[in-house]
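Notes to accompany the following structure.
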Amino acid sequence: MRYFVTGGTGFIGRRLIRKLLASQDNTVWFLIRESSQTKLPALRDFWGAAQARAMPVFGDICAGNCAVSDADRRMLEGKVDHFFHLAAIYDLRADPAQELATNIEGTRHALDLAGALRAGCFHHVSSIAAAGLYDGVFREDMFEEAENYGHPYFRSKHDSEKLVRTDCAVPWRIYRPGLVVGDSRTGETDKIDGPYYFFKLIQRLRAVLPPWMPAIGIEGGRLNIVPVDYVVDAMAWIAAAPGQDGRCFHLTDPAPKRVGDVLNLFAHAAHAPAMSLRINAALLDLVPHAVRRGLAALGPVRRLVDAVMNDLGLPDSIMQFINYPTRFDDRQAAAVLKGSGIVCPPLDSYAAAIWDYWERHLDPELFINRSLRAHVDGKVALVTGGSSGIGLATAQKLAEAGAVTLICGRDPSRLAAAGALIEAGGGIVHCYQANLADMADCDRFIARVLADHGHVDILVNNAGRSIRRSVEATFGRFHDYERTMQLNYFGALRMTMGLLPAMVARQSGQVINISSIGVLTNAPRFSAYVASKAALDAWTLCAAAEFADVGVDFTIINMPLVRTPMIAPSRVYDEVQALTPADAADLVVQAIVRRPVRIATRVGIAGQTLHALTPRLAQTALNTAYRLSPDSGAAEAQEGQQPAHAPSAELLAMQQLLHGIHI
């Protein structure tokens with residue numbers, strides 16, 4: 001058999017040509033732009049066929065007669081047994097004008113070419129989108145009954161199919177595949193569509209919740225998903241079957257699953273929480289369409305929706321599929337395929353392969369430049385409290401990555417030692433002595449930094465102090481709260497307020513505030529420390545909302561326990577697992593590269609959730625830990641002495657359970 005294929009370099013087309021060339025008796029001509037000649041070696045390797053059996057024909061689907069030369073038309077006339085038309089745009093995000101031009105006018109040009117070549121049969125690859133959002137069962141012999149196909153993609157598939165039915169000069173067959181995903185055996189794909197749009201959401205859930213915790217999802221309509229290998233095998237078989245001209249074939253899953261079930265299958269494959277608590281999306285239909293349309297037209301609502309959709313990587317039109325109302329009858333395709341062994345596999349048999357291939361090869365995260373240098377090289381980065389601990393480790397990484405690194409501290413000797421250590425690693429650092437608990441000194445320091453460097457691109461508010469002392473032990477020590485708040489909150493605030501104007505003027509900048517897991521878990525014995533960090537968190541979120549549209553980002557890092565000099569006086573932490581300063585600095589790097597609103601551990605998020613859902617249970621658990629753990633020596637009646645008793649076995653066990661939480 002001799003075939004001519006448009007769209008042969010695309011997702012389905014490449015695989016169809018490979019299928020056709022599996023028979024040594026077949027020859028394939030395929031349409032390709034002259035500018036795409038560099039793709040030919042890779043295509044032939046993919047097909048595993050000699051050049052004489054897979055021959056390019058140069059042209060363009062968007063031009064009359066597909067811009068095939070007169071010489072090529074004369075050469076092909078009368079020689080094409082089957083003309084497969086696959087060239088189209090299959091992307092909900094595509095430009096509507098381009099989509100309509102390519103899918104409709106491209107089909108018209110392909111029909112003209114097939115007629116000129118006197119092809120034996122024109123095989124048009126349409127889509128279930130040609131049915132629009134038909135409410136009910138759509139049969140293969142239905143076409144005019146399609147409804148609600150106003151979306152540009154739906155319209156283009158419907159109108160291009162109409163051209164085949166009315167204008168085709170040769171016998172024709174039409175194929176309507178469902179939502180085509182990767183190969184059911186390998187998961188291989190190069191086309192992100194349909195359920196793939198929800199993969200980032202599943203990945204986000206996995207990042208913040210353990211797999212055993214139930215999540216909230218949606219019920220929704222039924223999605224008809226099919227793997228590309230089934231579509232290709234079915235088309236090749238039906239194309240060779242006699243007596244099928246003038247018919248349409250649904251290449252669909254006979255047992256489609258609801259949106260919620262589809263998401264749970266992929267969540268299971270991703271080891272993410274199951275969306276066990278599902279809301280029926282059909283409830284949205286209770287809101288009159290005019291009301292929904294009016295709300296969507298409001299600027300603030302539109303902006304909120306756009307922010308959510310962009311954050312999750314979802315196209316606007318995906319919401320039309322949430323309550324997808326159409327079921328597809330495939331009895332004609334099933335009758336032709338009977339006895340061939342070609343059946344659509346159930347989604348649960350290949351969901352894991354689809355997820356695995358996407359996460360290994362197509363996840364957008366894989367293409368993000370995660371090198372710190374790409375984000376800080378040549379930029380001015382200021383780290384407060386940079387002479388030791390987290391601050392020093394962060395400053396080292398910034399300097400090594402090419403940032404103009406600034407650090408400050410109170411102790412001149414420790415500051416000088418930190419500067420020497422950073423310079424020994426090949427970085428450039430500017431050291432400033434400053435006491436951030438003194439507002440006047442803060443102002444002096446800010447003025448000096450702006451005079452020396454003009455602005456700061458990245459501010460890491462790391463300087464802080466911690467006091468581990470129960471409320472009962474501070475009845476006569478109100479100054480504990482004052483001095484903690486003075487540095488942790490007012491000092492950080494003074495620095496930020498002093499450097500923000502230059503960031504706003506440049507419409508660029510980032511403020512990273514080092515907070516604590518204690519803000520999320522409300523750890524006992526840290527009321528002064530946690531309160532100061534909670535105040536900083538609250539201010540940060542307020543400011544982030546105000547500056548969200550001027551290019552200045554704010555990030556909160558709710559640090560778990562880090563083994564620094566700050567925790568050394570509390571011997572109760574000697575046996576507790578804690579991050580190293582370098583580990584903590586990696587979280588700061590993550591904040592710079594990804595610029596998230598918050599970075600927190602799963603334990604911290606679980607603690608916050610527990611306090612929100614069952615506050616009494618959370619209090620009981622923390623009270624138990626509080627009663628098991630002793631005060632530090634500094635909190636005892638005699639300053640500077642350590643408690644006589646060692647941590648109990650129960651306390652050590654609870655510390656392991658509440659890994660990273662201060663108790």
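Working only within the stretch 113-140, note down all residues that are over 30 Å from VAL28 (Cα atoms) and surrounded by fewer than 16 Cβ atoms within 10 Å (Cβ to Cβ). Steps first, please.
Within the stretch 113-140, the first condition is being over 30 Å from VAL28 (Cα atoms), and the residues that meet it are 131-139.
Across the stretch 113-140, the qualifying residues are ASP135, GLY136, VAL137.
Restricting the stretch 345-362 to residues that are part of a helix (DSSP H, G or I) and of a type in the set (Phe, Trp, Tyr), which is surrounded by the fewest Cβ atoms within 10 Å (Cβ to Cβ)? Step through it out loud before you land on a result.
Narrowing the stretch 345-362 to residues part of a helix (DSSP H, G or I): 347-349, 351-362.
Next cut, of a type in the set (Phe, Trp, Tyr) only: 355, 357-358.
Numbers: TRP355: 25, TYR357: 18, TRP358: 23.
Here the residue is TYR357.
Regarding ARG185, is this residue crowded, with 20+ Cβ neighbours inside 10 Å, among the basic types (Lys, Arg) and under 19 Å from LYS19 (Cβ atoms)?
no
Give the residue that is modelled with the highest pLDDT, with candidates limited to residues of the stretch 243-280 that are outside any loop (DSSP other than H, G, I, E, B) and of a type in the set (D, E, K, R).
Narrowing the stretch 243-280 to residues outside any loop (DSSP other than H, G, I, E, B): 247-251, 257-269, 277-279.
Filter again for of a type in the set (D, E, K, R), leaving 247, 257-258, 261, 278.
Numbers: ARG247: 97, LYS257: 94, ARG258: 91, ASP261: 92, ARG278: 74.
Here the answer is ARG247.
Is it true that GLY386 is surrounded by 12 or more Cβ atoms within 10 Å (Cβ to Cβ) and among the small types (Gly, Ala, Ser)? Give the derivation first.
Working: surrounded by 12 or more Cβ atoms within 10 Å (Cβ to Cβ): yes; among the small types (Gly, Ala, Ser): yes.
For GLY386, the condition - surrounded by 12 or more Cβ atoms within 10 Å (Cβ to Cβ) and among the small types (Gly, Ala, Ser) - is met.
Does at least one position in the stretch 76-87 carry a residue that is hydrophobic (A, V, I, L, M, F, W, C) and free of Cβ contacts under 8 Å to residues at least 40 places away in the same chain?
Within the stretch 76-87, the first condition is being hydrophobic (A, V, I, L, M, F, W, C), and the residues that meet it are 76, 80, 83-84, 86-87.
Filter again for free of Cβ contacts under 8 Å to residues at least 40 places away in the same chain, leaving none.
Within the stretch 76-87 (the criterion being hydrophobic (A, V, I, L, M, F, W, C) and free of Cβ contacts under 8 Å to residues at least 40 places away in the same chain), the answer is no, since none of the residues qualifies.
Would you point out which residue out of ILE17, ILE61 is within 26 Å of ASP233 (Cα to Cα) and touching a Phe, Trp or Tyr at 6+ places or on another chain (Cβ under 7 Å)? Steps first, please.
Values: ILE61 fails: touching a Phe, Trp or Tyr at 6+ places or on another chain (Cβ under 7 Å).
None of the others qualify; the one that does is ILE17.
What are the residues in the stretch 196-242 that are among the β-branched types (Val, Ile, Thr), in a strand (DSSP E or B) and out of contact with any Pro (no Cβ under 7 Å at 6 or more places or on another chain), if any?
If we filter the stretch 196-242 for residues that are among the β-branched types (Val, Ile, Thr), which is where we start, we get 202, 208, 216, 218, 225-226, 228, 231-232, 238.
Checking which are in a strand (DSSP E or B) leaves us with 216, 218, 225-226.
Within the stretch 196-242, ILE216, ILE218 meet the criteria.
Out of ALA215, ALA240, ALA272, which single residue is touching a Lys or Arg at 6+ places or on another chain (Cβ under 7 Å) and of a type outside the set (Lys, Arg)? Even if it seems obvious, please write down each step before you answer.
Numbers: ALA215 fails: touching a Lys or Arg at 6+ places or on another chain (Cβ under 7 Å); ALA240 fails: touching a Lys or Arg at 6+ places or on another chain (Cβ under 7 Å).
Selected residue: ALA272, the only one of ALA215, ALA240, ALA272 that is touching a Lys or Arg at 6+ places or on another chain (Cβ under 7 Å) and of a type outside the set (Lys, Arg).
Sort out which residues of the stretch 107-163 are in a loop (DSSP other than H, G, I, E, B), within 20 Å of VAL5 (Cα to Cα) and touching a strand residue (DSSP E or B) at 6+ places or on another chain (Cβ under 7 Å), and write them in order of number.
Initially, the stretch 107-163 is screened for residues in a loop (DSSP other than H, G, I, E, B), giving 118-121, 126-127, 133-135, 139-146, 148-151.
Keeping just the survivors that are within 20 Å of VAL5 (Cα to Cα) gives 118-121, 126-127.
Matches in the stretch 107-163: ALA119, GLY120, CYS121, SER126, SER127.
Yes or no, residue by residue, for (1) over 21 Å from TYR90 (Cβ atoms); (2) in contact (Cβ under 8 Å) with a residue 40 or more places away in the chain:
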{"position": "HIS109", "(1), (2)": "no, yes"}
{"position": "HIS124", "(1), (2)": "no, yes"}
{"position": "ALA129", "(1), (2)": "no, no"}
{"position": "GLU140", "(1), (2)": "no, yes"}
{"position": "GLU144", "(1), (2)": "yes, no"}
{"position": "ASN148", "(1), (2)": "no, no"}
{"position": "ASP167", "(1), (2)": "yes, yes"}
{"position": "ILE174", "(1), (2)": "no, yes"}
{"position": "LYS191", "(1), (2)": "no, yes"}
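Inside the stretch 470-493, can you point out the residues that are over 22 Å from GLN608 (Cβ atoms) and either among the polar types (S, T, N, Q) or within 35 Å of the chain's Cα centre (by Cα) (or both)?
SER470, THR474, GLN486, LEU493
Given (1) under 31 Å from the mean Cα position of the chain (by Cα); (2) surrounded by 12 or more Cβ atoms within 10 Å (Cβ to Cβ); (3) closer than 29 Å to ALA269 by Cβ, where does GLU365 come up short, assuming only one miss?
Result: GLU365 passes all but (2).
Give me the residue from the stretch 371-400 that is assigned to a loop (DSSP other than H, G, I, E, B) and within 26 Å of the chain's Cα centre (by Cα) and, out of that set, modelled with the highest pLDDT.
Applying the first criterion (assigned to a loop (DSSP other than H, G, I, E, B)) to the stretch 371-400 yields 371, 377-379, 385-388.
Subset that is within 26 Å of the chain's Cα centre (by Cα): 371, 377.
Values: SER371: 88, ASP377: 94.
Result: ASP377.
If the requirement is being closer than 28 Å to GLY551 by Cβ, of a type in the set (A, V, I, L, M) and at pLDDT 95 or above, which of these qualifies: ILE407, ILE428?
ILE407
Residues in the stretch 114-140 that are touching an Asp or Glu at 6+ places or on another chain (Cβ under 9 Å) and either among the acidic types (Asp, Glu) or closer than 16 Å to PHE249 by Cα (or both): how many?
11
Could you list all residues from the stretch 141-166 that are of a type in the set (S, T, N, Q) and surrounded by fewer than 16 Cβ atoms within 10 Å (Cβ to Cβ)? Lay out the reasoning, then the answer.
Of all residues in the stretch 141-166, those of a type in the set (S, T, N, Q) come to 148, 156, 160, 166.
Listed by number, the residues that qualify are ASN148, THR166.
ARG525 versus (1) charged (D, E, K, R); (2) buried (at least 24 other Cβ atoms within 10 Å of the Cβ); (3) in a helix (DSSP H, G or I): which is the lone unmet condition?
(3)
Of the conditions (1) modelled with pLDDT of 95 or more; (2) polar (S, T, N, Q); (3) not in a helix (DSSP H, G or I), ASN323 satisfies every one except a single condition; which number is it?
(1)
For the stretch 610-618, does any single residue satisfy the condition of being modelled with pLDDT under 65 and part of a loop (DSSP other than H, G, I, E, B)?
Going through the stretch 610-618, the residues modelled with pLDDT under 65 turn out to be none.
Within the stretch 610-618 (the criterion being modelled with pLDDT under 65 and part of a loop (DSSP other than H, G, I, E, B)), the answer is no, since none of the residues qualifies.
The values are calculated or read from the model by the stated rules, or taken from the named source; none is laboratory data. For clarity, every value in this text was computed on a predicted model and none was experimentally measured. In this analysis, Cβ positions are derived from the backbone assuming ideal geometry, glycine residues included, and neighbour counts consider all displayed protein chains.
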